[in-house]
Structures are given as structure tokens and as C-alpha cells.
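Visitor: I have a structure I would like to understand better, so I am pasting it below and will then ask my questions one at a time.
The values are calculated or read from the model by the stated rules, or taken from the named source; none is laboratory data. The model shown is predicted, which means the values in this text are computed figures rather than measured ones. As a convention, Cβ positions derive from the backbone with ideal geometry for all residues, glycine included, and neighbour counts pool all protein chains shown.
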Amino acid sequence: MSGASYTGRFAPSPTGPLHAGSLVAALASWLDARAHGGRWLVRIEDVDTPRCVPGADELILKQLAACGLLPDEPPVWQSRRGDLYQAALERLLSSGWAYPCGCSRRDIEAAAQARGLARSRHGERIYPGTCRPARGGLHGREGRSVRLLAAPSPDAPENAPLWIEWQDRRLGPQRQDVAAEVGDFVLRRADGLWAYQLAVVVDDALQGVSDVVRGEDLADNTPRQIHLQRRLGLPTPRYLHTPLVLGANGEKLSKQNGAAALELDDPVEALAQAGRALGLPPLAPAASAAEWLAKAVAAWQARWRVRDGV
Ligand code: GLU
């Protein structure tokens, strides 16, 4: 891939300040973009407004800047891009891939239990398909959310698998039956908010993102995003999912389990720690973040066999 056509991004949700785990994803996406001689963007993913913390977006941008991670274009905020998501949703509705759903959580639970359906890996119910157009749609109820069919075609038989295969640069070949493992998933929530899956797919395409580099906890979303890209006629980027940073309790470091905000008094040490998590070899001492980053780009190129502009 030529450097001119490489665009990477870091897409934090402003639910709190950057912590050691999110710096790993930010650094990896920045290093990979620089290693390819490409562009690096920052997108603030603030669609799940109840989870957003006021001011966290600006704090994240400041923390990135303190580490020398500066985007090549002004950041974008997803909360200002609703019209773009609406346009994509309308295309999916009119092509028969998306449909309104009138089910509450309780309805889904009851229908899934009645049909003896399993829970997905994350303990969520797989949508039992009650409001699928082929099963009579809303049955006179009001639409609450909008879902995407997890099926190989809109008129596929009810239990048809939807195998999505993809190649991860670190994890290797991956596959998932989205129909069996996830089911018809939400694009616009009952509370009117845009689902992450739709916003991320629309934005990655509109921003020309060629390479998604993000934490491994998000790898499981990739098949849903590839399905959506195909339904919208959008290209599929390359993917590299980075190792997760585990806390002392062995759990993934996250804002939810109280990961400490990144200390900014020693950005070189914070970067060095993130570099270790990414498997970079120890680098010679650096006097500034910029100096550390320059050495890390070379180490990244060697680690992933990337040549500038290739
Ligand atoms: N906003 C998501 C998060 O902070 C990341 C989205 C992505 O990189 O695709 O977990």
C-alpha cells in the first residue's frame, strides 16, 4: 500500500481521560501511520452521550499532544455527524437490509426464552427475529430501534449463517458467523442514539481510513462492521488489533474498572510503557516524546516489516 493512500485513526470514546491501555491503541495507530508515511486522524466517538464525560474529549486531545501524538487534520466529533448516519440508515432501510424493531429488552428476553435461544458470548440475548420483515414486521407496534439483518441476503432462510472472514495483521485469519454469534444488531437505539457499529463504519469510509489499528477487545466487532461496509457498498480497511494491557487483577485495563488517568509529567515513560505493551524492543533513552517517537517508528517498521511508503 502506498504511503499516500494510508490513512489511520484513533477513535476514543470520551468517557474519561486516556489511561495506559488507551495510550497503547493511540500509539499503535500513530506508529503504523507514520511507519507507512500516511495520515493519522483523531475522531471523538461521543455518540453514546450518557456515557460521555464533559471535558474528557479536550483532556484526551491534550494528553495525546503531550505525548507528541498530533493529528494531521482537526479532530471530528461524531455527535455532529448525525445527518451522515441518518443518510446511511435510510439507504439500508430502503434496500431491505435494515428494519424497524418494536421489541423492548423484556420482549426479547421472553421470545428468546420461549424459543430456547442461547445467549451470545457477552451474555446478551441474540435477537430472536420477532420484527424481521419476513416474520410480519412490527405486528402493529411502534418502531423503537432499527436493526440490520445478519443474513447473507434479505430473503435468506431464517437460520442461514452469515460467515464473515477477515485477515488481521496480528491475529491472522479470523472468521465469525454473525447470524449465529451476534444476530440482527442495532443501528439506531430505542433512545434515538446512533449505535457505534453504524457510526464507525460510516466515518471510517468517509474519512478514507485504509487501516484500523485498535485494541483487541474490539476485534469481535469487526465482522459486524465488514457486513455493514458491504451492505453500504463501502471498502473494507485492513485491521490490526493490538494486545490488551491487563491490570494487576488480570482484567483488561479500562475506564470501567478504574484504570488511572495517564500521568503527563513524564510522557517519555508513558510512551515507553505503551511501547513495551506493543512488543517493541527497548529503545535508547530519549530526551523528549518526539525523540522517543522517531526511534519507535523505526522499531515499528522493523517489527511489522513496513517500509516507508509501502
Ligand atoms: N470508540 C471506541 C472505543 O473507545 C473505539 C472505536 C474503534 O477504534 O473502532 O472503544
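Visitor: Give the residues of the stretch 218-233 that are away from the ligand (no atom under 11 Å from the Cβ), without any contact (Cβ under 8 Å) to a residue 40 or more places away in the chain and outside any loop (DSSP other than H, G, I, E, B), sorted by residue number.
Guide: GLN229, ARG230
Visitor: Also, I was wondering about something else. Give me the residue from the stretch 180-200 that is modelled with pLDDT of 95 or more and among the aliphatic types (A, V, I, L, M) and, out of that set, surrounded by the most Cβ atoms within 10 Å (Cβ to Cβ).
Guide: Applying the filter and picking the extreme gives LEU198.
Visitor: If you don't mind, another one. Being out of contact with any strand residue (DSSP E or B) (no Cβ under 8 Å at 6 or more places or on another chain), more than 24 Å from SER22 (Cβ to Cβ) and not aromatic (Phe, Trp, Tyr) is true for just one of GLU181, GLU165, GLU251. Which residue is that?
Guide: GLU181
Visitor: Going by what's in this entry, would LEU92 be described as crowded, with 22+ Cβ neighbours inside 10 Å, more than 18 Å from the chain's Cα centre (by Cα) and more than 14 Å from the ligand (Cβ to nearest atom)?
Guide: no
Visitor: Before we move on, is THR236 hydroxyl-bearing (Ser, Thr, Tyr), crowded, with 16+ Cβ neighbours inside 10 Å and part of a helix (DSSP H, G or I)?
Guide: Against the criterion (hydroxyl-bearing (Ser, Thr, Tyr), crowded, with 16+ Cβ neighbours inside 10 Å and part of a helix (DSSP H, G or I)), THR236 does not qualify.
Visitor: Here are ALA11, ALA28, ALA33: which of them is buried (at least 23 other Cβ atoms within 10 Å of the Cβ), touching a strand residue (DSSP E or B) at 6+ places or on another chain (Cβ under 9 Å) and farther than 17 Å from ALA289 by Cβ?
Guide: None of the others qualify; the one that does is ALA11.
Visitor: Next question. Somewhere in the stretch 203-217, is a residue free of Cβ contacts under 8 Å to residues at least 60 places away in the same chain, surrounded by 16 or more Cβ atoms within 10 Å (Cβ to Cβ) and assigned to a helix (DSSP H, G or I)?
Guide: yes
Visitor: Identify, please: which residue in the stretch 25-67 is more than 11 Å from the ligand (Cβ to nearest atom) and polar (S, T, N, Q) and is, among those, nearest to LEU262 (Cα to Cα)?
Guide: Here the answer is GLN63.
Visitor: Just the residues that are under 15 Å from PRO128 (Cβ atoms) and buried (at least 21 other Cβ atoms within 10 Å of the Cβ), please, taken from the stretch 141-168.
Guide: Answer for the stretch 141-168, where residues must be under 15 Å from PRO128 (Cβ atoms) and buried (at least 21 other Cβ atoms within 10 Å of the Cβ): SER145, ARG147, LEU149, ALA150, ALA151.
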